[in-house]
Amino acid sequence: KEAENCDCLQGEDVVSLGFQVCHSLGGGTGSGMGTLLISKIREEYPDRMMLTFSVFPSPKVSDTVVEPYNATLSVHQLVENADECMVLDNEALYDICFRTLKLTTPSFGDLNHLISATMSGVTCCLRFPGQLNSDLRKLAVNLIPFPRLHFFMVGFAPLTSRGSQQYRALTVPELTQQMWDAKNMMCAADPRHGRYLTASAMFRGKMSTKEVDEQMINVQNKNSSYFVEWIPNNVKSSVCDIPPRGLSMASTFVGNSTSIQEMFRRVSEQFTAMFRRKAFLHWYTGEGMDEMEFTEAESNMNDLVSEYQQYQDATADEEGEYEDEEDLDEEHM
């Protein structure tokens, strides 16, 4: 009903808008109801963007024994029905609160403060004017080289705790340095263990696009080994003129890194350990689920890990070598 009454969704001129779903993948509601909702919206509005902010189970902190089942079944759905997934996890958010914000007892309010800053940064170009504009569809076009690989790491700079303001004005180079820092990532995967297929940097505040572009080129040149060489210029930047409240400048980072496979691999190993013994399975089959659904979800997750690994190892001249071999075969014939 809400969607039917929404002008922006219906308007033919604004095709770049879509749906944003926030859910966790560890519990039953966020994973089951959340992905069902996503698939129903996809059926009803197939041409609209579907963006999710998905909280994955943390590596060390577990809330529920069946988290690996719920998360694997969810990823199975998200691969097919979501366009863009921003991957979050509570442990990485807690680490940011402890290490960077120096909070001794962070609450969920503090964690949500970090997530909301990132969500606001991702969508600010839809709400405010800017010199270099971006939207959900542009983001997808620039970040997703292969349709299944749409799971992103996110970060935000400057990191400030709730209620406190940034007293010192940051410069564009300082924001850039912070946003690319591995400690800033809001999920438990280390970008230094993989390579960036693509990335997007969304700046807010009064600044020159020239300086932003220079900083992005600088990052790529200095850290070229962390970017795949077969996608040239793979960092997109956008500038929105209006900064967040209480800050003069801010930046949001969204990266499509092959290191995200660490998250999937970890969940997959836990899933396999339980599924091999059929532990806790009766709770799911008793509600009408089939064992085959579990097998399919496990296989889909393992395929996803393999795809990320394949593109991490790929080099620019592989294709060329393959063509040369074909030429040689033709000469021998």
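Condition (residue is assigned to a helix (DSSP H, G or I) and either in contact with a strand residue (DSSP E or B) (Cβ under 9 Å, 6 or more places away or on another chain) or at pLDDT 90 or above (or both)) applied to region 12-22: is it met by at least one residue?
No, every residue in region 12-22 fails to be assigned to a helix (DSSP H, G or I) and either in contact with a strand residue (DSSP E or B) (Cβ under 9 Å, 6 or more places away or on another chain) or at pLDDT 90 or above (or both).
Please verify whether Thr171 is under 24 Å from Asp241 (Cα atoms) and touching a Leu at 6+ places or on another chain (Cβ under 7 Å), treating the condition exactly as stated.
no
Return yes when Ser208 is polar (S, T, N, Q) and closer than 30 Å to Pro106 by Cα and no when it is not.
no
So, of the residues in region 44-76 that are within 20 Å of the chain's Cα centre (by Cα) and polar (S, T, N, Q), which turns out to be surrounded by the fewest Cβ atoms within 10 Å (Cβ to Cβ)?
Ser58
Here are some residues: Val235, Val267, Val228. Which one is over 30 Å from Ala297 (Cβ atoms) and of a type in the set (Val, Ile, Thr)?
The conditions single out Val235.
Can you tell me which residue among Leu136, Leu88, Leu126 is of a type outside the set (Phe, Trp, Tyr), closer than 16 Å to Ser200 by Cα and touching a strand residue (DSSP E or B) at 6+ places or on another chain (Cβ under 6 Å)? Don't jump to the end; show me each part of the working.
Numbers: Leu88 fails: closer than 16 Å to Ser200 by Cα; Leu126 fails: touching a strand residue (DSSP E or B) at 6+ places or on another chain (Cβ under 6 Å).
Residue meeting the stated conditions: Leu136.
Of all helices (runs of 4 or more DSSP H) completely enclosed by region 183-289, which ones contain at least 1 residues that are surrounded by 16 or more Cβ atoms within 10 Å (Cβ to Cβ) and small (Gly, Ala, Ser)?
Passing ranges, in order: 261-275.
Surrounded by 20 or more Cβ atoms within 10 Å (Cβ to Cβ) and in contact with a strand residue (DSSP E or B) (Cβ under 7 Å, 6 or more places away or on another chain), is that true of Leu170?
The answer is no for Leu170.
Residue pairs, Cβ under 6 Å, 6 or more apart or interchain, first in region 227-254 and of a type in the set (Asp, Glu), second at pLDDT below 90 and part of a loop (DSSP other than H, G, I, E, B). List them.
Final answer for the pair search is Glu229/Ala316; Asp241/Pro129.
Out of the residues in region 118-152 that are of a type in the set (Gly, Ala, Ser) and touching an Asp or Glu at 6+ places or on another chain (Cβ under 7 Å), state the one that is farthest from Gln312 (Cα to Cα).
Result: Gly130.
Restricting to region 67-94, what's the tally of residues that are within 30 Å of Arg162 (Cα to Cα) and in contact with a Lys or Arg (Cβ under 8 Å, 6 or more places away or on another chain)?
Selection size over region 67-94: 1.
For the structure I just gave you, tell me whether Thr209 is among the β-branched types (Val, Ile, Thr) and at pLDDT 95 or above.
no
Somewhere in region 306-314, is a residue at pLDDT below 95, outside any helix (DSSP H, G or I) and surrounded by 11 or more Cβ atoms within 10 Å (Cβ to Cβ)?
Taking every residue of region 306-314 in turn, at least one turns out to be at pLDDT below 95, outside any helix (DSSP H, G or I) and surrounded by 11 or more Cβ atoms within 10 Å (Cβ to Cβ).
Test Asp110 against the criterion of being at pLDDT below 95 and within 26 Å of Pro59 (Cα to Cα), and give yes or no.
Numbers: at pLDDT below 95: yes; within 26 Å of Pro59 (Cα to Cα): yes.
In short, yes.
Could you count how many residues in region 100-120 are touching a residue at least 40 places away in the same chain (Cβ under 8 Å) and under 22 Å from the mean Cα position of the chain (by Cα)?
Residues meeting the conditions: 10.
The values are calculated or read from the model by the stated rules, or taken from the named source; none is laboratory data. Since the structure is predicted, the reported quantities are computational estimates derived from the model, not experimental observations. Glycine gets a Cβ as well: all are built from the backbone with ideal geometry, and neighbour counts include every protein chain shown.
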